[in-house]
Amino acid sequence: MLEPLTKTRIYEDIVKQIMDNIKKGELKPGDKLPTERELASQLNVSRTAIREALRSLETMGVIYSKVGSGTFIKDMSIDILMDSFAGILKKNDRLIIELIEVRMLLEVEIAKMAARKINEEKIQAIEKALKIMEKEIDDGSLGINGDNEFHNELANAADNLAMTSILNLCGELLNTTRKAALKALSDPRIGLEQHRSIFEAVKSRDECEAGRLMKVHLDMAFHNLKIKKSKT
């Protein structure tokens, strides 16, 4: 169940423990949480940290309060759980870096599958995503919307329902890593050119080259984020 905590940024750990208990089924929709005093005692933390964690969970839509009755677990969809985890992820550099490794397992194969199955309609959709990314960069932003659209359209081109479902489930988590990777680049146009190279390989139906270029792209993201983390 819940375990004592000793870290300094304690409210994030409280949030994570409660989320973990929900995912394991140890806390279910409608279950009442212990009082602030009881939680503080169980977790060996201050009531201030408990209040901060509960505010965060309420903002994420995980819990709700009834005046005079207490605090309860909401009935949540898997999407809410993933979005909630994404909120925690944004504050954890190590998890962001490790999720890049997960992306390598998924997206290298997606690029190869897309190269095998690409058609004219999917080519146009990916080109449109690249234009969105280019316009965003020209306007002074990172190009994150175009980046996300590119990877989504590449997954659509792979035409594998199971793979697409996994990506949709992890959508907000993947978006978080993409944004972090773009921020770590010295120039967002480097990312744009990498995406264009991947697209050209997919368009040419060169499966091996598409997979190789996607791995190069993700390797650079992994490397840049590790360097950035080492400087903080």
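A quick yes/no check of all residues on (1) in a helix (DSSP H, G or I); (2) modelled with pLDDT under 90:
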residue	(1), (2)
Pro4	no, yes
Asp13	yes, yes
Gly25	no, yes
Arg37	yes, no
Val45	no, no
Ile50	yes, no
Residue that is touching a residue at least 12 places away in the same chain (Cβ under 8 Å) and touching a Ser or Thr at 6+ places or on another chain (Cβ under 8 Å), where the choices are Asn21, Asn44:
Asn44
Output the helices (runs of 4 or more DSSP H) that fall wholly within the range 153-232 and possess 2 or more residues being over 21 Å from Leu142 (Cβ atoms) and modelled with pLDDT of 85 or more, or say none.
188-203, 207-230
For the range 135-158, state whether one or more residues are in contact with a His (Cβ under 9 Å, 6 or more places away or on another chain) and surrounded by fewer than 22 Cβ atoms within 10 Å (Cβ to Cβ).
no
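Kindly indicate whether Glu109 is modelled with pLDDT of 90 or more and under 30 Å from Asn156 (Cα atoms). If you could, list the steps in order and put the result at the bottom.
Numbers: modelled with pLDDT of 90 or more: yes; under 30 Å from Asn156 (Cα atoms): yes.
The answer is yes for Glu109.
The values are calculated or read from the model by the stated rules, or taken from the named source; none is laboratory data. Computed from a predicted structure; not experimentally measured. Every residue, glycine among them, receives a Cβ derived from its backbone with ideal geometry; neighbour counts consider all protein chains shown.
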